[in-house]
Amino acid sequence: MFAIIDNLLPGGAAGASSGGGGGGSIMIVCVAIVGQQNNPLYLQSFTGADEALKFHYIVHCSLDVFDEKVSNPKKAGANLNDTFLGLLYPTEDYKVFGYLTNTKIKFILVTSDQDLREIDLRNFFSQFHGAYVDAASNPFHVPGKRIISPAFADRVSTIVKSFGSTPQP
Amino acid sequence: MAPAMRPGDAAFAAVEHVNAELFTLTYGAIVRQLLTDFEEVEQVNKQLDAMGYNIGIRLIDDFLAKSNVTRCSEFRETADVIAKVGFKMLLGVTATVSNWNNDSTECSLILEENPLVDFVELPETCQGLHYCNILCGVIRGALEMVSMRTEVKWVRDMLRGDDAYEMRLKMLDQIPEAYPYKDDE
């Protein structure tokens, strides 16, 4: 119950005060989309503080891991075509997850340092992918340029707010 | 409403269907190309209307053949047929007719949903654009082929922040049948 209620609070206050490791509040800290040529298409942070630069840096570092994961597939053959790349690398307070679409668009999710269920993450990424596809289908969107649609930003906020509140079996 | 709804659904079932996303994306590409070619929003609006007119004059025959509607005795019936049968058959959505004026020569067609505008958001540079202006042209062209001169304009547009799509349909006059050959030749 606590996790669900925490998600409904606006990103800033709850996340900053509960910090790492505390009573199970799942905090998505930042989401980002990077294009084929590693050009940033969208970056949205959900903490109150203005840490955009730090997140740009984290996202930039994670791009190398994408290439690494793609060129060294793990032993199980199923991972070759998998869009969800899983945990890319852990930093001091954050975990970074990656998702690679077939068109080489990379989605990056930075969360606070707790254990997260893979099913929640996969769910999140597939909803996020859906929102991205709808935003990219806008005839006024130029592929390769930043996504400026406010409707997309709203959808992303909704998806982030409902993260982790999938009904428990 | 029931007798008017059924011909619409029957007509919808009788025609071939196309993938809605393909249709939406194609229309979006047309509008984008027009904006690149003409650059001025008013020009693009006029072009969309002209394109719609050309579609409408050809579409009316196809529509009348496939939908089996009877001759309309007055403009009210015409508006109803456009809203219930025409939109249903060609776009898969029904429109509602409302706001008649006293002479029954003007009315509003209101669309709650519009497949042309899925995924679309107007950027700041194109705020004057009537994205669906092609629909106005289609209706104008189609009605001209059945001897009615009309004026069709957008009143409310969801892309500009209103809550629905509303077209104002005004009948100007009936065009008398003109024979191509002079009587005394």
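The values are calculated or read from the model by the stated rules, or taken from the named source; none is laboratory data. It should be emphasised that the depicted structure is a prediction, and the values quoted were computed from it without experimental measurement. Ideal geometry is used to build each Cβ from the backbone, glycine not excepted, and the neighbour counts take in all protein chains shown. Only protein heavy atoms, including side chains, enter the accessible area calculation; ligands, DNA and RNA are left aside. Shrake-Rupley method; radii C 1.70, N 1.55, O 1.52, S 1.80 Å.
Before moving on, here are some points about what is shown:
- Count of residues meeting criterion [closer than 20 Å to B:Asn19 by Cα, without any contact (Cβ under 8 Å) to a residue 40 or more places away in the chain and open to solvent by less than 40 Å² (accessible area, probe 1.4 Å)] in the stretch B:88-131: 2
- Output for the stretch B:28-76, where each listed residue is touching a residue at least 60 places away in the same chain (Cβ under 8 Å), open to solvent by 100 Å² or more (accessible area, probe 1.4 Å) and part of a loop (DSSP other than H, G, I, E, B): B:Asn68
- Residue pairs meeting the criteria (Cβ under 7 Å; at least 6 apart or on separate chains; first under 15 Å from A:Gly35 (Cα atoms) and more than 10 Å from chain B (Cβ to nearest Cβ), in the stretch A:135-148; second assigned to a loop (DSSP other than H, G, I, E, B) and open to solvent by less than 100 Å² (accessible area, probe 1.4 Å)): A:Gly144/A:Gly35; A:Gly144/A:Asn39; A:Ile147/A:His141
- Any helices (runs of 4 or more DSSP H) falling wholly within the stretch A:1-71 and containing at least 2 residues that are of a type in the set (D, E, K, R), open to solvent by 80 Å² or more (accessible area, probe 1.4 Å) and at pLDDT 50 or above: A:52-71
Each row is one residue, and each column tells you yes or no for (1) under 21 Å from B:Ile55 (Cβ atoms); (2) outside any loop (DSSP other than H, G, I, E, B); (3) within 14 Å of another protein chain (Cβ to nearest Cβ).
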| position | (1), (2), (3) |
| --- | --- |
| B:Ile110 | no, yes, no |
| B:Val120 | yes, no, yes |
| B:Tyr131 | yes, no, yes |
| B:Leu135 | yes, yes, no |
| B:Ala142 | yes, yes, no |
| B:Glu151 | yes, yes, no |
| B:Trp154 | yes, yes, no |
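- Within the stretch A:86-101, tally of residues that are more than 17 Å from A:Arg117 (Cα to Cα) and modelled with pLDDT under 85: 3
- Only one of B:Val138, B:Val85 that is in contact (Cβ under 8 Å) with a residue 40 or more places away in the chain, more than 20 Å from B:Gln47 (Cβ to Cβ) and crowded, with 20+ Cβ neighbours inside 10 Å: B:Val85
- Some residue of the stretch B:156-165 being away from chain A (no Cβ under 14 Å), surrounded by 16 or more Cβ atoms within 10 Å (Cβ to Cβ), within 16 Å of B:Ile30 (Cβ to Cβ) and at pLDDT 90 or above: no
- In the stretch A:110-134, residue farthest from the other protein chains (Cβ to nearest Cβ) [restricted to those that are touching a helix residue (DSSP H, G or I) at 6+ places or on another chain (Cβ under 7 Å) and among the aliphatic types (A, V, I, L, M)]: A:Val110
- In the stretch A:74-82 there is no residue matching the filter, namely being surrounded by 19 or more Cβ atoms within 10 Å (Cβ to Cβ), more than 14 Å from chain B (Cβ to nearest Cβ) and of a type outside the set (D, E, K, R).
- Extreme residue, modelled with the lowest pLDDT, among residues of the stretch A:72-85 that are part of a helix (DSSP H, G or I) and of a type outside the set (A, V, I, L, M): A:Gly77
- Among the residues of the stretch A:158-165, none qualifies, meaning not one is within 14 Å of chain B (Cβ to nearest Cβ) and within 24 Å of A:Asn38 (Cβ to Cβ).
- Scanning the stretch B:9-27 for residues that are more than 14 Å from chain A (Cβ to nearest Cβ) and surrounded by 12 or more Cβ atoms within 10 Å (Cβ to Cβ) returns B:Asp9, B:Ala10, B:Ala11, B:Phe12, B:Val15.
- Residues of the stretch B:82-99 classified as in contact with a Cys (Cβ under 7 Å, 6 or more places away or on another chain) and at pLDDT 90 or above, total: 1
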